[in-house]
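Q: Structure incoming, see below.
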Amino acid sequence: MSGDPGLERRYRQVLRLLPGYYRQRWEEDMVAAFLDSWLTGDPEDDDAILEFCKPTWPEVASVAALAARLYLGATGAPRRYFAWGQAVRNAVLAVILVHAVLGLEMLVRTAWSRRLFGLPAPPASLAVLSPGGVLPTVFYVVNVAWIVIFAALVLGHHRTARILAVLTIVPDLVALLQAQLTGVVPAPFGPWAWWVLFNLVPVAAMTAFHRDAPPAARLPWLLALPAGYLLVYVPVLALEATGNVAWLPDFSGLLCVLAALACLAHVPRAWSRRATGSGVWSLTLVLLAAVFGAFRIATLGAYVHDPHLLTVSLAELVILVAAAALVAPDAARAQAATPAPPSPGTIAA
């Protein structure tokens, strides 16, 4: 390892992906291990290896995966990385909860329309037909699958949740690619903004759920699914049944309103000097506001020719930004002031 430092320099460049605290402690050992895996003991071969060889793609990928786990820290990580890790995990659970609530809403409407469990027939405006044809059936299965993914993630079956989530977002991608080629989006699949922000991003962010991550608070998250349905979609069904649909914001507007209300509800805790651990949830809410706000911006194009709806949509965005700004200072402090990581086996807040 005392020859030409070319290969060593390349490994050190790759290791810059790692957080500074980890690199400072382990860089020398990692470089030595990487170089030892190359060296043969023959001076001429080793000189050529050190001069011309480069880190392999699997090695680079393994370092990148390690960096993702470290930046989205867990038990024992420095406070800054632990706060980001917890916030990302909470945000991913919240976004997948949105999917799960939509899946539950589809199940309820279908059961009601088919008058299962002795239910009376719904109003005509709320009735849905059973899925017929390949695309509607796939859409139905995808929505229901998110309930399983959410439960698996909350219960700690992270690998199962990741595999199911990757499979679940494929039909949407296929439909969008078909739309790019044919110019027709096969109903009822959504736009690119939805797929990127609510499918691709949270599935990629599931990297934060690694083996060192503290478990989620199971009971609160599991209760959030029926509570979310009762608090959001029961009023929506009531408004639709009474013909007052005009009172409803569109879906991206509804997300903005919900995120703004969550920020406002968290303000007393975020501003309290005695509250502990509030910064992680403040950071979580800021992340969610960023995702929901980006989706609101991406959907504004649908209202370019309707000044009233465009004004309403911009007002929803302004309200969201203002509410997120109230908890943003606490989110910024979270990186330095969040409590020490819990010991293994402790349920995270």
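Taken together, the values in this text are just the output of simple stated rules run on the coordinates, not laboratory data. Treat the numbers as computed from the prediction; the structure is a model and nothing was measured. Heads up, the Cβs are rebuilt from the backbone with ideal geometry, glycines too, and the neighbour counts pull from every protein chain shown.
Q: For the range 51-121, with the dipole built from +1 on Lys and Arg beta-carbon atoms and -1 on Asp and Glu ones, taken about the Cα centre, which of Ala64, Val108, Ala74 lies farthest toward the positive end?
A: After comparing all options, I get Val108.
Q: Now for a separate question. How far is helix 57-71 tilted, in degrees, relative to the longest principal axis of the Cα atoms in the chain, given as a value from 0 to 90 rounded to the nearest 10?
A: 60
Q: In whole Å, largest first, what are the principal axis extents of the Cα atoms in the chain?
A: Each principal axis gives a Cα extent; for the chain these are 83, 55, 44 Å.
Q: For the chain, set up a GNM with springs between Cα atoms under 10 Å and report which of Ala161, Ala224, Ala213 has the largest fluctuation.
A: Result for the chain, Cα springs under 10 Å: Ala224 fluctuates most.
Q: Then there's this: Can you check how the C-alpha radius of gyration of the range 1-94 compares to 2.2 N^0.38 Å, as a plain ratio?
A: Working: Rg = 16.6 Å, N = 94, 2.2 N^0.38 = 12.4 Å.
Taking the Cα Rg and dividing by 2.2 N^0.38 Å, one obtains 1.34.
Q: Here is a further query. Once the dipole of the chain is set up with Lys and Arg at +1 and Asp and Glu at -1 on Cβ about the Cα centre, which of Leu17, Ala161, Ala33 lies farthest towards its positive end?
A: Toward the positive end, the furthest listed residue is Ala161.
Q: Leu254 versus Ala193, label points 7 Å from Cα toward the beta carbon: distance in nm?
A: A separation of 1.7 nm, rounded to one decimal place.
Q: For the chain, what does -39500 (n - 2.57) per DSSP helix run (n ≥ 4), summed and divided by total residues, give at 222 nm, in deg cm²/dmol to the nearest 500? Working shown, then result.
A: Details: 13 runs with 232 residues, N = 349.
Taken over the chain, the calculation gives -22500 deg cm²/dmol.
Q: Can you compute the charge dipole magnitude of the chain about its Cα centre, using +1 on each Lys and Arg Cβ and -1 on each Asp and Glu Cβ, nothing else charged? Give it in debye, rounded to the nearest 20. The partial results should precede the final answer.
A: Details: 23 positive and 21 negative charges, 318 e Å.
Its charge dipole is roughly 1520 debye.
Q: Follow-up. Sticking with the crude label model, points 7 Å out along Cα→Cβ, report the distance from Ala179 to Asn244 in nm, one decimal please.
A: About 3.2 nm separates the two model spin labels.
Q: Mind checking which of Ala32, Ala290, Ala67 has the largest fluctuation in a GNM of the chain, springs on alpha carbons under 10 Å?
A: Ala32
Q: Moving on. Based on DSSP loop calls and a cut-off of at most 13 other Cβ atoms within 10 Å, the longest stretch of the chain free of exposed trypsin sites (Lys or Arg not before Pro) is what?
A: Here the longest run is 17-114.
Q: Taking 0.36 nm per residue of sequence separation and subtracting the Cα-Cα distance, how much length would be gained by fully extending the chain between Ser37 and Leu300, in nm to one decimal? Let's see the in-between values first.
A: Details: separation 263, 0.36 × 263 = 94.68 nm, distance 5.41 nm.
Additional length available on full extension: 89.3 nm.
Q: Under a plain spin-label model, where a point goes 7 Å from the Cα along Cα-to-Cβ, how far apart in nm are Leu155 and Arg16?
A: Using points 7 Å along Cα→Cβ, the separation is 4.5 nm.
Q: Angle, helix 134-154 long axis vs. longest principal axis of the chain, Cα atoms, 0 to 90°, nearest 10?
A: Result, in degrees: 60.
Q: Using only Cα atoms, find the angle between the long axis of helix 6-15 and the longest principal axis of the chain, and express it within 0 to 90 degrees, rounded to the nearest 10.
A: Relative to the chain, helix 6-15 is tipped by roughly 30 degrees.
Q: Pick out, from Pro171, His210, Leu248, the residue whose Cα sits farthest towards the positive end of the charge dipole of the chain, with +1 on the Cβ of Lys and Arg and -1 on the Cβ of Asp and Glu.
A: My answer, from the dipole projection, is Leu248.
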